[in-house]
1. Condition first: open to solvent by 50 Å² or more (accessible area, probe 1.4 Å), part of a loop (DSSP other than H, G, I, E, B) and more than 16 Å from V19 (Cβ to Cβ). Now tell me which residues in the range 36-70 satisfy that.
2. Output the qualifying pairs, or none if there are none: Cβ atoms under 7 angstrom, residues six or more apart or on different chains, first residue in the range 195-217 and free of Cβ contacts under 8 Å to residues at least 40 places away in the same chain, second residue of a type in the set (A, V, I, L, M, F, W, C) and within 12 Å of the ligand (Cβ to nearest atom).
3. Going by the conditions given, is Y120 at pLDDT below 90 and either out of contact with any Ser or Thr (no Cβ under 7 Å at 6 or more places or on another chain) or farther than 24 Å from E5 by Cβ (or both)?
4. Considering only residues that are open to solvent by 50 Å² or more (accessible area, probe 1.4 Å) and within 16 Å of the ligand (Cβ to nearest atom), look in the range 71-91 and name the one that is nearest to F3 (Cα to Cα).
5. Restricting attention to the range 4-34, which residues are under 17 Å from the mean Cα position of the chain (by Cα), more than 9 Å from the ligand (Cβ to nearest atom) and either assigned to a strand (DSSP E or B) or without any contact (Cβ under 8 Å) to a residue 12 or more places away in the chain (or both)?
6. How do the pairs read when you match residues in the range 35-48 that are free of Cβ contacts under 8 Å to residues at least 24 places away in the same chain and within 8 Å of V11 (Cβ to Cβ) with residues anywhere that are more than 7 Å from the ligand (Cβ to nearest atom) and of a type in the set (V, I, T), using Cβ under 6 Å and keeping only pairs 6 or more apart or on different chains?
7. Cβ-Cβ distance below 6 Å, separation of 6 or more or different chains: which pairs start in the range 76-98 with a residue that is farther than 20 Å from G127 by Cβ and without any contact (Cβ under 8 Å) to a residue 40 or more places away in the chain and end on one that is open to solvent by 50 Å² or more (accessible area, probe 1.4 Å) and part of a loop (DSSP other than H, G, I, E, B)?
8. Could you tell me whether S168 is at pLDDT below 90, open to solvent by 50 Å² or more (accessible area, probe 1.4 Å) and away from the ligand (no atom under 16 Å from the Cβ)?
Amino acid sequence: MSFLEVNDLTVAYGAIQAVRGVSFTVEKGQIVSLIGSNGAGKTTTLRTISGLLRPVTGSVVLDGKPIHALPAHEILGLGVAHSPEGRRLFARMTVEENLRLGAYTRSDEPGILSDLDRVYDLFPVLGERRRNKAGLFSGGEQQMLAIGRALMSRPKLLMLDEPSMGLSPIMTQKIFSTVRELRDEGTTVLLVEQNALAALALSDRAYVIDLGRTTLSGTGPELLADPRVQEAYLGEG
Ligand code: ATP
């Protein structure tokens, strides 16, 4: 049994079928990426795992328990945190207020304080600017804050949607090395990325999603070396 099992998922927005048969597994302690072009269905897949969308058919099983019919707050309570595409921060709230929103299901103040410290250790710039409003931050700092907010629920599974979007290559490397650090500390990570090269270099395992279906899978190095992946997603071939 894998930690997360997504089986033959189909998801629609009204008449538009966005996901048409996505299947993959995530093992505990690994970084798993979903790569694929714009509109392939990656974001829809993450939103379905989070409980923000309901599948038409298929299942999502976390630690042996089907979760695809549960409300989103229960899925969060089971340890699934989602840092959404576009970050969705509260621009007029401070760093610390945004981080505390990630802990809204918790009431253990000492634990929340120690997790705030952990986020500030991971991203010192957030600690230095904890009283500043999030809206004044650069894209990279906002991405750190979005990841930090997701970490405040102490997730077992951290889902990151396009963390490199709009970031410089150096900032992307910084974010990705933090993701590796989190994995090494035991957090399981499900990453959605259009930056296939950076994602595959980081991943223990990856899946290609094309037109709403999982079409290829392998370890990061296997997919980096696959001519089909090179041609379609790495700008080579
Ligand atoms: P991106 O990287 O652009 O987010 P993606 O792989 O994450 O791409 P999705 O955002 O999941 O893809 O979109 C899959 C399909 O569903 C696309 O055809 C998209 O146009 C459609 N879609 C997404 N959101 C909606 C919505 N709210 N209403 C209708 N169609 C939608």
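1. Hits for the range 36-70 are D63, A69.
2. T215/V208; L216/V208
3. no
4. E85
5. Step one: filter the range 4-34 for residues under 17 Å from the mean Cα position of the chain (by Cα), giving 4-6, 22-34.
Checking which are more than 9 Å from the ligand (Cβ to nearest atom) leaves us with 4-6, 22-33.
Those that are under 17 Å from the mean Cα position of the chain (by Cα), more than 9 Å from the ligand (Cβ to nearest atom) and either assigned to a strand (DSSP E or B) or without any contact (Cβ under 8 Å) to a residue 12 or more places away in the chain (or both): L4, E5, V6, V22, S23, F24, T25, V26, I31, V32, S33.
6. Going by the 6 Å Cβ cut-off, there are no qualifying pairs.
7. G77/T105
8. Details: at pLDDT below 90: yes; open to solvent by 50 Å² or more (accessible area, probe 1.4 Å): yes; away from the ligand (no atom under 16 Å from the Cβ): yes.
Against the criterion (at pLDDT below 90, open to solvent by 50 Å² or more (accessible area, probe 1.4 Å) and away from the ligand (no atom under 16 Å from the Cβ)), S168 qualifies.
The values are calculated or read from the model by the stated rules, or taken from the named source; none is laboratory data. The structure presented is a predicted model; accordingly, all values stated were derived computationally and were not measured. Cβ coordinates were reconstructed from backbone atoms using ideal geometry, including for glycine residues, and neighbour counts include every protein chain displayed. To get the accessible areas, we keep the full protein, side chains included, count just its heavy atoms, and leave off ligands, DNA and RNA. Shrake-Rupley method; radii C 1.70, N 1.55, O 1.52, S 1.80 Å.
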